[in-house]
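Please read the structure below before turning to the comments.
Laboratory data are not the source of any read-out in this text; all were calculated from the coordinates shown. The model shown is predicted, which means the values in this text are computed figures rather than measured ones. Reconstructed Cβ throughout: ideal geometry from the backbone, glycine too, with neighbour counts over all protein chains shown.
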Amino acid sequence: MPTHSDEPQAVQDILLDESKDVPLSSTAQTVITKKPISSEKAKDLGLVAPSASGKNYVLDTNVLLHDPACLQKFQENHVCISTDVLSELDRFKNEQTERGANARRIHRKICELFEGVETLTNGVTTDGGGSIRIILFDPASSEKSSAQVRQFLRIFPDRDKADHRIMACAIMVADFNETPTILVTKDLNMQLKARSAGIKVQDYLNDKVDLQEVSPKDKSHIDVSSHELQRFASTGFLEVEKERLKEIVTNQYVLLESGPKSTIPARLDADGTFHKLLTPDALRIPDGNHLKPLNLGQKCLIDALLNPEITLVTCFGQAGTGKTLVAIAAGLHEMFRNSYQGLVISRPVITMGKDMGYLPGSLEEKMRPWLQPVYDALDLLMTPTNKGSKRKQQKQGANEQVVKPYEKYIQQGLIEIEALAYIRGRSIPNRFFVLDEAQQLSPQEAKTVVTRISEGSKLIMLGDPDQIDNPYVDSRSNGLVYTHNKLKGQDFVAHVNLDKGERSALAEAAASLM
């Protein structure tokens, strides 16, 4: 800890009053005299780690909300939770959302950890040999701390902001410990503020996947002989030695290649055999429009969507690749074939909570703006485009409301369209469940969705890892890539990357160049 004995004799043990801009000099001046925080006082505030080994990690509120199980993931290091973090958690505990559930869960976890402990600032030992302790931010004590703390409070004087108080806590912890002190936050703006103030800061990395998991990549190629390729084309399956499979996992889509112009797409089954794609010429929707796959990626996606042995499909694709339209078309195709008892389509609402309450109308009317892309897809697939239907609609009276073809199925409960905010506590059996914009979810929210799927149902998670509005996840830590990374290789899981835009030449150019 920096001491004031290093300063000139005339100003030893003298700290500046923040209300007065009085510079320190070698000449004695009339300023307010304060004593620095004693080691005993620092220990009472939780600033001193229980042991001299291990780093000190000061956690921001969003880390606990992002992963309530994070407290046991810092191994031999010391976890510091500011009382300001506890106050922020208290604001969220009554929310009927995944964030509210996480706040309640972390509250219970902290209470269990400190059960029977008299002094919470002394900390408790974790399974990995580290510790967890509560730290206090005392404004009076902070004025008696190091020059770095005082400088920080002059730069960020608003002490009513919890972020500033948490950052000040991190500096004070660093003052009283030899080992490094690191602030952990998922708030990018807070990271920038902390770095500008000289605070060591990190993102929460425990649930981040490797960069190559989200990078667009071509399908893997498996070299085969011309004889093997001909046999595969005629029989529909091919067995190869394990040494030739490289890093291919179960249900991965590859190209069997015999020369530069001789390739056939295939899927690796759980038994180690390559199977030919079983893709119909078109997804047929009664009294609606048929959807034909326009490229190899869409064919692979349809093969996974129609395979009854695969109950979870994850799909990455930028805007305009057709992932949502193809998934909904496959769901309608399977529903009308009675493969499932209904189709559920959902997407997360990032501004869930108060913002939705200000919208007029019933719950369905409030949710309509957020779910409009789903209705657009259903309208495109289920509204006939032949001229006779158009003439029939034109003959209807001006005051007669046109009933959309999908509305009767919604009334019968065969098609459900709802925001993801209301899925908690549900069990979804025998349904084809399409979850759009899944990259907006946190890993915990994605886990909640996957665990809702009952026997006989199929879950399709779609999204673009590069288009994220949730401020606390990124391309490597969102729920979609987390789910793919954790469950890949399972017998019932398949993944498809869509990289070719089909919306329009303009949309394709914009997605790649803008």
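Backbone geometry of the stretch 234-249 corresponds, through the Karplus equation with coefficients 6.51, -1.76 and 1.60 at θ = phi - 60°, to 3J(HN,Hα) couplings of 8, 9, x, 8, 7, 9, 10, 5, 4, 5, 8, 7, 6, 10, 6, 10 Hz, x marking Gly and Pro.
Using just the alpha carbons, could you tell me how many Å³ per residue the convex hull of the stretch 275-315 encloses?
Each residue corresponds to 91 Å³ of Cα convex hull volume.
In percent, rounded to a whole number, the relative contact order of the stretch 212-276 is 36, using alpha-carbon pairs under 8 Å and six or more apart.
Here's how it looks for G322: its modeled amide H is under 5 Å from those of E502, which are all 5 or more places away or on a different chain.
Can you tell me the length gained on complete extension of the stretch K261 to R105, counting 0.36 nm per residue apart and subtracting the Cα distance?
Numbers: separation 156, 0.36 × 156 = 56.16 nm, distance 5.60 nm.
Extra length from K261 to R105 when fully extended: 50.6 nm.
Spacing of the modelled spin labels on N94 and V117, each 7 Å from Cα toward Cβ, amounts to 2.9 nm.
Taking the Cα centre of the stretch 38-202 as origin and assigning +1 to Lys and Arg Cβ atoms and -1 to Asp and Glu Cβ atoms, the resulting dipole is close to 360 debye. Each DSSP beta bridge with both residues in the stretch 38-202 is either parallel or antiparallel, and the antiparallel ones are about 10%.
Considering Cα pairs under 8 angstrom that are at least six residues apart, work out the relative contact order of the stretch 107-255 and quote it in whole percent. Let's see the in-between values first.
Values: 101 pairs, mean separation 17.7, N = 149.
Answer for the stretch 107-255 is 12 percent.
Subtracting the Cα-Cα distance of R426 and S39 from their residue separation scaled by 0.36 nm leaves 134.1 nm. With the highest mean first, a sort of the peptides 202-210, 308-316 on other beta-carbon atoms found within 10 angstrom per residue produces 308-316, 202-210. Enumerate lysine pairs in the stretch 212-276 that are 8 or more residues apart or on different chains, then count those whose Cα atoms are under 21 Å apart. For the stretch 212-276, qualifying lysine pairs total 9.
With Cβ to Cβ distances under 13 Å as the rule, what net charge do the other residues near A162 carry (K, R +1; D, E -1)?
Working: positive: R91, R159, K161, R165, K193; negative: D60, D84, E88, D90, D158, D160, D163, D187.
Computed value for this residue: -3.
List the residues of the stretch 272-297 whose backbone N lies under 18 Å from a point placed 7 Å from the Cα of S225 along the Cα-to-Cβ direction. The answer is 274.
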